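The values are calculated or read from the model by the stated rules, or taken from the named source; none is laboratory data. Everything quoted here is computed from the prediction, not taken from an experiment. Cβ atoms come from the backbone with ideal geometry, glycine included; neighbour counts cover every protein chain shown. In case anyone asks, the SASA skips ligands and DNA or RNA and just uses the protein heavy atoms, side chains included. Shrake-Rupley method; radii C 1.70, N 1.55, O 1.52, S 1.80 Å.
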There are 2 protein chains.
Amino acid sequence: GRVGDFSIQAWIWKVWEFAKEDSNRVKFSFKVGLAVLLVSLLILFRAPYEIFGTNIIWSILTVAIMFEYTVGATFNRGFNRALGSLLAGILAIAIAQVALSTGRVAEPIIIGISIFFIGTVTSFMKQWSSLVPYEYGFRVILFTYCLIIVSGYRMGNPIRTSMDRLYSIAIGGFVAVLVNVLVFPIWAGEQLHKELVSSFHSVADSLEECVKKYLEDEGFDHPEFASTVMDEFPDEPAYKKCKSTLNCSAKLEALALAAKWEPPHGRFRHFFYPWSEYVKVGAVLRYCAYEVMALHGVLHSEIQAPYNLRYTFQTEIQDVTSQAAELVRSLGKDIGSMTRSLKTSLLKSVHSSTERLQRTIDMHSYLLTTYCEPPDNSSKPLPKLSYTLSSTLSDLSNQLQADLESNNLEKNSNTTPQNMFSGTPPAAQAETYHETMRKQSRRLHSWPSREVSAFEEDGGFTADFLPRMKALESTATLSLATFTSLLIEFVARLDHLVEAVDQLSKMAKFKNENL
Amino acid sequence: GRVGDFSIQAWIWKVWEFAKEDSNRVKFSFKVGLAVLLVSLLILFRAPYEIFGTNIIWSILTVAIMFEYTVGATFNRGFNRALGSLLAGILAIAIAQVALSTGRVAEPIIIGISIFFIGTVTSFMKQWSSLVPYEYGFRVILFTYCLIIVSGYRMGNPIRTSMDRLYSIAIGGFVAVLVNVLVFPIWAGEQLHKELVSSFHSVADSLEECVKKYLEDEGFDHPEFASTVMDEFPDEPAYKKCKSTLNCSAKLEALALAAKWEPPHGRFRHFFYPWSEYVKVGAVLRYCAYEVMALHGVLHSEIQAPYNLRYTFQTEIQDVTSQAAELVRSLGKDIGSMTRSLKTSLLKSVHSSTERLQRTIDMHSYLLTTYCEPPDNSSKPLPKLSYTLSSTLSDLSNQLQADLESNNLEKNSNTTPQNMFSGTPPAAQAETYHETMRKQSRRLHSWPSREVSAFEEDGGFTADFLPRMKALESTATLSLATFTSLLIEFVARLDHLVEAVDQLSKMAKFKNENL
């Protein structure tokens, strides 16, 4: 009835969306259908069947097992299949001749021992780390060997049996490769190329998204890092993509392995195209993405710098972020269009805005620390310090309040909000931020969220209230320092990224754009 | 000759080491040998061969393709094989009957179309993300269908053909499962359990290793984060293990998927054992490992806090590290021994030493900032500031030198190095660190390593030398703040880890130890 219709419609819609998302999926499906149809025709028509006999069914098996998504992977699997079958065939014929010459009684014993031996050795070898990619080849050796030697024993003439089988496997492999290459070929190299370019964009996107959320939010409506929602931040699509970038190293490697088997094609016109460089660039990019993950960790941390403090450095942080993201995107675009261009000016502007961020933090670093000593009057801080330590909390807050009010009166005439972030001298800026800070200090998150009641049990510290509260404040504000340091480290790693991309563009002979 | 002998000896030695490293490798190899031998005997002996005929070779193929490393994976693959063959058999018989009834001309056309259709549909379905784990099953459907329908067409009686084939596939599957379960079974659950426990230890190890290197080194002999050695820090074995922990999510998931197919066994005695919880704990642990990666990033960063500053907070950082590592290890041990114990006291001591670290950083936070303003005399800093800004570099350094000397004279009588880290009042501590800092400030790394020559081109800043140099100093010291913040964040994430492990131990009914 109604509900059934509706759910079938929804289901068809989902399948349609799935197919539209990547048209290669549909192409691949039709190619498999075509390949098995072609190889079945060899049996359905009388003429080829009469030539090859029943062994022709092996070509169907070969097509079904060999046909992979990309051209390179199909070549690779075909190579495994071919070499495995060949080795197994040679081995089987040799052992069968030996067994045959030993007479009727010993023959099955020798065959049995040889099967056990081949099974053990191939299974042991395929666990060796450098042979793991050829796991399928070892399976092929094992079952081809068993099939040939056993059916040779029962039906006689192992050479004839293995030859027929090799012919039909070759026909199956030939059909699989031909269909894969000639009908809408899906090249592993092309996929690898696109995958790498898209990870550049997802790293840039998630950097911007993360910083935007850090600066924009009030810090209270973040989903917390609960273990249940650990992997899900539904409002952060770019983060999700970035996380999948982190996990795609295996995919890149598999694609690069497959791409090496492919002949020059499309845009990748010369032999020995440096596909392994793509994996290297991907690794360097992943190291940048680790920093984004760390930034994301600070964003969702329980220890959080007050919003106003974050707002204070907004312009500088945004400058660095947008320029770094632009550099990453432009590197991605260069790879995408296979051009080679100098990144000097972009790199320079990222560096200079990073320096500006550093300088701003430096100038207002007292904001990051509540307990603070000027370095050039260190010979006389003792009286003030002892006073602070001996005063009670209420005394201190009274004093702060008084300071704040006098501050307000003095400074509001001096500075307007508009020039806060531009070229005002640091001294004038300083007090404006101070007010902000004072107002802010009351709505700090407390940390750790679990009660630490056994505080005194370690001894050595007088557990007065004052240092504890300060500790919490100070480290909370230091979380901003962490955020900016990670951002700066991200920029530092961009140097390596630029180098790696340059290396790739040299080895892949990308065309120069502005030289 | 000699060289040949030597290399063969070395090779045998390597193989021997490889086998000794994990004895399951050898067991697995012999099991495969045994399974193929058993199934070959069905053909080598006359009696079973006469019953089953040539179709018995399908059981060899089944064993070779179905036999997997763990019991669960073999069950899973067997299920795929069985269900795939069954579905394909039913389909093939149904279509063959329809084709047969249409007469001699239409029959091959209908068979051809059906093969094309099955090939296309199965290939499309296996790309659907929730069906990807059953990829092998779809391959089985495809080739079994083709084989049955095609050979049924040529040899007549498709029902007889498919039945014979299903029998021999069932025999092969039966042998594979029997050998896998009865001879030295390798359980996926056991592997998953061990894998998770060892990742706990590798995270703890790499945390300690990373912090040890951070505190111990002079900061100059680190291998730099060059793109060529990006993945290799030869002197950090634990880091390597931790990195492999980051990439093992796919492995854990595959093992959990396989473990679900296994019957209760060994230590895992009840049905519906919560294997998926292992994957969740692994995910939470990975989030802790991300922080270790970030710490490692700071350790190898180009921007580096001076060594003496790091040394200043040594005791506190080491306390937090060793206690956090102990907590992680104890969680790992609990899972390993399948006991459930309260972690309250360990958690408390980690939290209190983290607080101590925070407090220490707070008390000496002025060390992290060269440009520094006390918060409670903010109404009168202007004259000093303008003086500082207008003074030349040599003036400043002269003044610093004078301060330093007077400082030395005054303070050396007050404090001795032994009580630097213990309970001395913060005021006395303060000046001692100050000297350290002054001496240190000359050997700071300069950053960024590339020259930023186009500094003025952005405008808006007067490019005087003083603020720039300060900026570099300040952010370099802030790198220590970053390191400690990341360490604190690591501790904050331990809460979630404790919770996740507790959840696992509840669901898996671990025995209570101290309740």
> Between residue B:46 and residue A:50, what is the FRET efficiency for a Förster distance of 35 Å, r being their Cβ-Cβ separation, to the nearest 0.05?
Replying inline: 0.65
> Which parts of segment B:244-265, residue by residue, lose 20 Å² or more of accessible area when the rest of the protein chains are there, as against the chain isolated (1.4 Å probe)?
Replying inline: B:246, B:247
>> Using a probe radius of 1.4 Å on heavy atoms only, what accessible surface per residue do you get for segment A:73-145? Whole Å² is fine.
In response: 44
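Diagonalise the Cα gyration tensor of segment B:64-204 and give the resulting equivalent ellipsoid semi-axes, square root of 5 times each eigenvalue, largest first, whole Å.
The equivalent ellipsoid of segment B:64-204 has semi-axes of 39, 18, 8 Å.
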> Do any chymotrypsin sites (Phe, Trp or Tyr not before Pro) in segment B:235-294 lie in a loop, going by DSSP, with at most 14 other beta-carbon atoms within 10 Å of their beta carbon, and if so which?
Replying inline: B:271, B:272
>> Nearest 100 Å² is fine: what is the total accessible surface buried where chains B and A meet, probe 1.4 Å?
In response: 13700
> Amide H to amide H under 5 Å from residue B:68: which residues, 5+ apart in sequence or cross-chain, H placed 1.01 Å off N in plane?
Replying inline: B:74
> Between copies, how far does the label point of residue A:12 sit from its twins, in nm, shortest first, when each point is 7 Å from Cα along Cα→Cβ?
Replying inline: 7.0
>> Sort B:479-487, A:183-191 by packing, meaning the average of other beta carbons within 10 Å per residue, with the highest value first.
In response: B:479-487, A:183-191
> Put a point 7 Å out from Cα along the line to Cβ at residue B:109; what are the distances to that point in the other copies, in nm, shortest first?
Replying inline: 6.1
> Any idea what log10 I(q)/I(0) is at q = 0.16, 0.20 Å⁻¹ for segment B:1-89, Debye with uniform C-alpha scatterers and no solvent?
Replying inline: -0.81, -0.99
> For residue A:159 and residue A:27 in the same chain, what is the full-extension length gain: residue separation times 0.36 nm, less their Cα-Cα distance, in nm?
Replying inline: 43.6 nm
> What whole number of Å gives the distance from the Cα centroid of segment A:1-73 to the Cα centroid of segment B:246-300?
Replying inline: 36
> Based on the Cβ-Cβ distance from residue B:260 to residue B:499, what FRET efficiency comes out when R0 is 25 Å, to the nearest 0.05?
Replying inline: 0.60
> Taking a label point 7 Å from Cα toward Cβ, how far is residue A:512 from its twins in the other copies, in nm, shortest first?
Replying inline: 7.6
> Say each of residue B:17 and residue A:121 gets a label point 7 Å from the Cα, pointing the same way as Cα to Cβ; how far apart are those two points in nm?
Replying inline: 2.4
>> Taking beta carbons within 10 Å but only from partner chains, what does the mean come to for residues A:113-126?
In response: 6
